Amino acid sequence: MSARRSLVWLGLTPEPEQELPAAVAALRAPADDRPSAAQVAAERHRVERLVLRGTQAGWLRYLREVTDLVVEAAAGAAPADPGPALVAGEVVLDHHRMLIGLPGAGYVRTATQRRDLERALVRLRARDDIGPDGHPDPRSTA
C-alpha cells in the first residue's frame with residue numbers, strides 16, 4: 001500500500017457497507033421486482049471490494065451512482081415500495097454530511113449530491129407518508 005493513500009475515509013461509519021447492498025440491488029432490480037440473492041451478493045461484493053481495495057475517490061463515485069438511483073426513484077413513478085430508495089438516500093446523505101470532518105475536498109465535492117438527496121428524500125417520504133425521522137407521519141393518518 002502506498003504511503004500516499006489516505007485511509008481516513010474508511011473510519012466514517014459502517015452503515016453504507018451494511019445497508020447499501022440490499023437497498024441498491026433493489027433499486028437496480030426491474031420495477032415491481034425484488035432483487036435476487038445473487039444481485040444482493042454482487043452488490044455486497046462490489047462494496048467490499050471498494051472498501052478493502054479502493055480509494056476515497058472510487059468510493060465517492062459509487063455513492064454518486066447510488067445518489068443517481070435515489071434521485072431517479074424519487075422523480076419517477078411511485079415505486080411499489082419506496083423503502084430501498086429511502087434507506088439508500090438517508091445512508092448516503094448521512095455519509096456525505098460526515099465528510100465535513102475529514103481532510104480534503106470530499107464535503108465540498110458532494111454538496112450537489114447532498115442537495116439532490118435532501119430533495120429526493122422529501123418526495124419519497126411524501127409518497128410513503130414517512131416523516132423525517134423515518135417513522136410514519138402521524139399527520140397522514142388524520
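The values are calculated or read from the model by the stated rules, or taken from the named source; none is laboratory data. All of these numbers come straight from a predicted model, not from anything done at the bench. Cβ placement follows ideal geometry from the backbone for every residue including glycine, while neighbour counts extend to all protein chains displayed. Keep in mind that these areas ignore ligands, DNA and RNA; they rest on the heavy atoms of the full protein, side chains included. Shrake-Rupley method; radii C 1.70, N 1.55, O 1.52, S 1.80 Å.
Worth a mention:
- List D32, D68, ordered by accessible area with a 1.4 Å probe, largest first: D32, D68
- Per residue, the convex hull around the alpha carbon atoms of segment 46-85 comes to 63 Å³.
- Apportionment of accessible area to carbon and sulfur, segment 52-92, percent (1.4 Å): 58
- Counting every pair of alpha carbons in segment 61-112, the share spaced more than 12 Å apart comes to 65 percent.
- Net charge contributed by nearby residues that have their C-beta within less than 12 Å of A31 (K/R +1, D/E -1): -2
- Among 42-49, 118-125, 21-28, sorting by the average number of other beta carbon atoms lying within 10 angstrom of each residue, highest first, gives 21-28, 118-125, 42-49.
- Per-residue extension of 0.36 nm, minus the Cα-Cα distance of R28 and R53, leaves a gain of 6.7 nm for this segment.
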